[in-house]
Amino acid sequence: MGRVFLIAALLQFNGMLIGCGRFTNSTNDSLTSTDRVNVSAQSSSNSDHLAAQTLTNAARKDFRSARVADQPNARSPLGINLAGVVSYSTELPFVDVFKTSHTWFSNAEGASWAQGGPLALTREGWVASLRSGQYATTGLLDGGHYPTGNYTLLYDGQGQLDVTAMSGKGLTIVSQTPGRMVVKVTTEANGVQLNLRSTKVADPLRHIRFIMPGHETTYRTQPFNPAFLKLLSPFKVLRFMDWAGTNGSQLANWSDRTTPSFETQSAVHGVSLEYMIQLANTLHADPWFTIPIRANDDFVRQFATLVRDKLDPSLKVHIEYSNEVWNFGFEQATYAKDQGVKLGLDKDQYLAGAKYYSQRSVEIFKLFEQVFGGTSRLDRVIAGQSVNTWSGDQILAWKNASKHADSYAIAPYFDGREILLNPDKAAQIARMSQDQVLDILQADLRGAIKTNMVASANLARKYGLALKAYEGGQQLTSFQFGNDEPQITKLYSDVNRNPRMGDLYTEYLNNWKAAGGGLFNHYSDIGTPIKFGMWGALEYIGQDLKTAPKYQALRRYINANPTAK
C-alpha cells in the first residue's frame, strides 16, 4: 500500500480540553464526576422554562422570504468551526450561561472533592434527590473572560442553592426571592460555583438559568449572545463538529442524544441539534453537520428529518460522516478499522477502515436523500488527509463512492512541523524570535502546504468533486516540549497575535483559491491560546480586533473574494 502519513502525536485537541478551566476535578482529569443513576422527576409546567425556541411559523416565513443578498454572509467564501461548549470556553454562545456549565460533581460533607457517591439524576441531568450530607456542585464562567454586571439566576422547584465566586471574591447576591436571584459578578470572581445543598424530592430544584446582564426578558426567544452572533455573521458556513462532541462519540441511538431541556449543553453528547439549527437560521449560515461514527440508521433518519423540518429551506446542508476517520489519534478511526475488518473489506487494516468510512458515508448520504427527497439541498462531503492523496483516492474509488458525493474535503493546516512541532527541537525553538517562527511558517505554506493543496485539487477534479476545507489555519502546539513548554507556549501565543500572522493567512488563503479550493472552514472561532493549540481566530468575545490578526485576515479575505452566489 502507499505511504500513510499520520501526525505522530495528536496535535488537534479541538480547541477545548479537559483541565483547561479552573473548575476541574483535581483527582480525576477525565472529569467523570458521578455515576449516573437515572430516575424520573416531576416535570415543570412553568412556561418560563422553554426548550430551544425554534422559529415561529410567522418568523420562519419571513426568513424564507428574505432576500438572501441582504445577509452579511451571502457571498462569503469562508466558513468557521465552532469551539466546544464547556464551562471554561470564552466563546460564550448562550445568554443563559448555565447552558455551558459543567455536569454535576457529587460532593459530601467531610469527603474529598467529587467523592460524594452516585447522584440521583433525571434523564436530563437535573438532581432528583440528595442523600444526607450529600450536595451537588457545578461551575461556569471559568474561562477568564465574561461579561460583568448583574446576572439573573432563575430556577423551578424547591431547595437550597448557594452561589459563590471561585476566587472567593467578586460576587454579591443583590437580591433573592424563591426561584430568582440577582447576582453581581465582577472580574475578580474568576468564575461562578453553584452548590445544590438540598432539593425537595416531590418538587426538585431544576431548570436553573443564569442569564447575562440585560437579557432576562429576551433569553427565551433569542438564546444566543448578540456579541457571539456579530462575530460569526461574516461566515457562510458553521461546522458543528465540536458542538456535536464528534470526536470519540459513543452516541448511536436517537433517544440518547442531548435535547434542549438537558441541564447543560456541555453534556457528553454535545449540544442539541435544535440549537444548531436555530443558530444556523439566526445567522442564515449553512450548517455543516458531522454524524456520530456509531449512529444507526434510525438516528440518521431522525436527524435528517429534524433538519429538513426546522432549517430554513434556503440553506444548504453539508453532511460529513464523523471527523478525521483516518486519524488514529481519534477513537473513531479505530472503530472504523474494526468495522472494516469485521466486514472483511480489505486484508490491510488501514484500508479496511478507509473503505468502511467510504461505504458508511454513502449509506448516510442515501438516508438523507430519502428524507429530503433528493440532493438539491445537500452537500455530501467525503473527507481525506491533505498530505495523503493516495488514501483519499482509495476512499473515493471504493464502490464508486465519489458518484454519491458532491465534495472532497481536507484540512490543509500549516505548522512548520519538521521544526516547530518537533520535541527534539525544543531548545532551538525556545531561543527563537517571533519573526524566526513566522519565517518557518511562511516557508511551509509556500512549500509543502501549497503542493498538498494542488494535489488535493487534482484528486477532487479527477472525480468531478468540489474541493473544500473542513478545517484549516495555523496548527502550532507546545504540549510536547517538556520543561520548555511554558516558554514556547508564550512564544507561539505571541506569534498568533503578531500582525505578520494575518499576512500569512492572506497568502495562505490566496494559495488555497489559486489551487482550486472552494469553501474554507477555519478552525476555530474563539478560544484561549493554550499548550494544546492556539486555534481561535479570536481569543475571547470582546477582544480588541486590532489584536486579532487572524480574524482580521479572514474578514479581509471575505471582502476581497466574494462568491458568485
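The values are calculated or read from the model by the stated rules, or taken from the named source; none is laboratory data. Nothing here was measured: the structure is a model prediction, and the numbers come from that model. Note that each Cβ is placed from the backbone with ideal geometry, even for glycine, and that neighbours are counted across all protein chains shown.
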Open item on the list: I'd like the residue in the stretch 503-550 that is among the hydroxyl-bearing types (S, T, Y) and part of a loop (DSSP other than H, G, I, E, B) and, out of all such residues, is farthest from L476 (Cα to Cα).
Closed with: Y540
Open item on the list: What's the total number of residues in the stretch 99-134 that are not aliphatic (A, V, I, L, M) and not in a loop (DSSP other than H, G, I, E, B)?
Closed with: 7
- [ ] Determine if the stretch 377-387 includes at least one residue that is surrounded by fewer than 22 Cβ atoms within 10 Å (Cβ to Cβ) and over 25 Å from the mean Cα position of the chain (by Cα).
- [x] no
- [ ] Answer yes or no as to whether I293 is of a type in the set (V, I, T), touching a strand residue (DSSP E or B) at 6+ places or on another chain (Cβ under 7 Å) and crowded, with 23+ Cβ neighbours inside 10 Å.
- [x] no
Task: Test: residue in the stretch 358-376 that is closer than 24 Å to N511 by Cβ, in the same structural domain as W512 (by TED's automatic domain parsing) and not acidic (D, E) - done: no
TODO: Go through the stretch 293-326 residue by residue and tally those that are under 27 Å from A352 (Cβ atoms) and among the β-branched types (V, I, T).
DONE: 4
Task: Residues located in the stretch 266-290, provided they are more than 21 Å from K316 (Cβ to Cβ) and either within 11 Å of the chain's Cα centre (by Cα) or not in a loop (DSSP other than H, G, I, E, B) (or both) - done: S266, G270
Task: Cβ pairs under 7 Å, 6+ apart, first in the stretch 172-188 and more than 12 Å from N150 (Cα to Cα), second among the charged types (D, E, K, R) - done: G179/D156; E188/K169
Task: Number of the exception - A514 against (1) under 18 Å from F414 (Cα atoms); (2) in contact (Cβ under 8 Å) with a residue 12 or more places away in the chain; (3) surrounded by fewer than 21 Cβ atoms within 10 Å (Cβ to Cβ) - done: (2)
- [ ] Could you name every one of the helices (runs of 4 or more DSSP H) located completely within the stretch 409-485 that has at least 2 residues being over 30 Å from L378 (Cα atoms) and not hydroxyl-bearing (S, T, Y)?
- [x] 417-420, 426-430, 434-446
- [ ] Mind counting the residues in the stretch 493-502 that are part of a helix (DSSP H, G or I) and either touching a Gly at 6+ places or on another chain (Cβ under 9 Å) or in contact (Cβ under 8 Å) with a residue 60 or more places away in the chain (or both)?
- [x] 5
TODO: State yes or no: is R75 touching a residue at least 40 places away in the same chain (Cβ under 8 Å), among the charged types (D, E, K, R) and not assigned by TED's automatic domain parsing to the domain that holds Q158?
DONE: yes
Task: Residues being in contact (Cβ under 8 Å) with a residue 24 or more places away in the chain, more than 16 Å from K236 (Cβ to Cβ) and of a type in the set (D, E, K, R) - total across the stretch 517-565 - done: 3
Open item on the list: Quick test of your reading of the structure: L504 fulfils all but one of (1) under 21 Å from R556 (Cβ atoms); (2) surrounded by 22 or more Cβ atoms within 10 Å (Cβ to Cβ); (3) within 24 Å of the chain's Cα centre (by Cα). Name the failing condition by number.
Closed with: (3)
Open item on the list: Looking only at residues that are of a type in the set (A, V, I, L, M, F, W, C) and surrounded by fewer than 16 Cβ atoms within 10 Å (Cβ to Cβ) in the stretch 179-229, which one is farthest from S87 (Cα to Cα)?
Closed with: A202
Task: Those residues of the stretch 304-344 which are basic (K, R) and over 23 Å from the mean Cα position of the chain (by Cα), in sequence order - done: K337, K342
Task: E263 vs. criteria assigned to a loop (DSSP other than H, G, I, E, B), of a type in the set (D, E), buried (at least 17 other Cβ atoms within 10 Å of the Cβ) and not assigned by TED's automatic domain parsing to the domain that holds A409 - done: no
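One line per residue, one yes/no per condition, for (1) buried (at least 24 other Cβ atoms within 10 Å of the Cβ); (2) in contact (Cβ under 8 Å) with a residue 24 or more places away in the chain; (3) within 24 Å of F289 (Cα to Cα); (4) touching a Lys or Arg at 6+ places or on another chain (Cβ under 9 Å):
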| position | (1), (2), (3), (4) |
| --- | --- |
| E91 | yes, yes, yes, no |
| S101 | yes, yes, yes, no |
| W104 | yes, yes, no, no |
| G110 | no, no, no, no |
| W113 | no, yes, no, no |
| A120 | no, yes, no, yes |
| G125 | no, yes, no, yes |
Task: Members of the stretch 400-424 that are buried (at least 17 other Cβ atoms within 10 Å of the Cβ) and among the basic types (K, R) - done: R417
Task: Answer residue from the stretch 337-365, given it is free of Cβ contacts under 8 Å to residues at least 12 places away in the same chain and not in a helix (DSSP H, G or I) and is surrounded by the most Cβ atoms within 10 Å (Cβ to Cβ) among those - done: D346
TODO: Give the stretch 536-565 a look and list any residue that's of a type outside the set (A, V, I, L, M) and either crowded, with 20+ Cβ neighbours inside 10 Å or in contact with a strand residue (DSSP E or B) (Cβ under 7 Å, 6 or more places away or on another chain) (or both), or say none.
DONE: G536, E539, Y540, P549, K550, Y551, Y557
